[in-house]
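Remarks on the structure that follows.
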Amino acid sequence: MGNHVAVYVHLIWTTKNRESLLHKKLRYNLFDHIRTKAVDDNIDICILNGVDDHVHCLVALRSTQTIAGTVKVIKGESSRWINEGKLTDGLFVWQEGYGAISVSPADVPRITRYIFNQEQHHADRTVEEELQKFALYAQE
């Protein structure tokens, strides 16, 4: 029969000290790189987006994957890529930790739209306000 798994997780992580380092050109190149490496690492990214100081990612976990392991691979590989390419002034570091919330398969389209529209959301909301809302949503 095999494994049939439908586990979706919405991830958020920030730059160290929430510095605005991910300017548009770097961000788009970074997201392309993350998507390409994710395929190599068997990580199923549904959508990936963000703004200057943080990233949102919706992943579909496989039966052998953990949230922590998946985030570690994405964050580690992406910071290595930025630093090896000297794409920021000084050493680039992600903030320790991440936010993760499970997503029902029925909610995947809604969360996909939310992540797709990140720049629009942050026209009137700071990352702190968003993370606070995210934390409250996780407690419900």
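Can you tell me how the stretch 42-111 classifies by the Cα gyration tensor, rounded, prolate or oblate, using a/c under 1.5 as the rounded cut? In terms of gyration-tensor shape, prolate. Taking the fewest neighbouring Cβ atoms within 10 Å as the starting point, the ordered list for K86, K16 is K86, K16.
Among rounded, prolate and oblate, which fits the stretch 7-135 when a ≥ b ≥ c are the square roots of the eigenvalues of its C-alpha gyration tensor, a/c under 1.5 means rounded, and a/b larger than b/c means prolate?
oblate
Laboratory data are not the source of any read-out in this text; all were calculated from the coordinates shown. Please read all numbers here as calculations on a predicted model, not as lab measurements. Ideal geometry is used to build each Cβ from the backbone, glycine not excepted, and the neighbour counts take in all protein chains shown.
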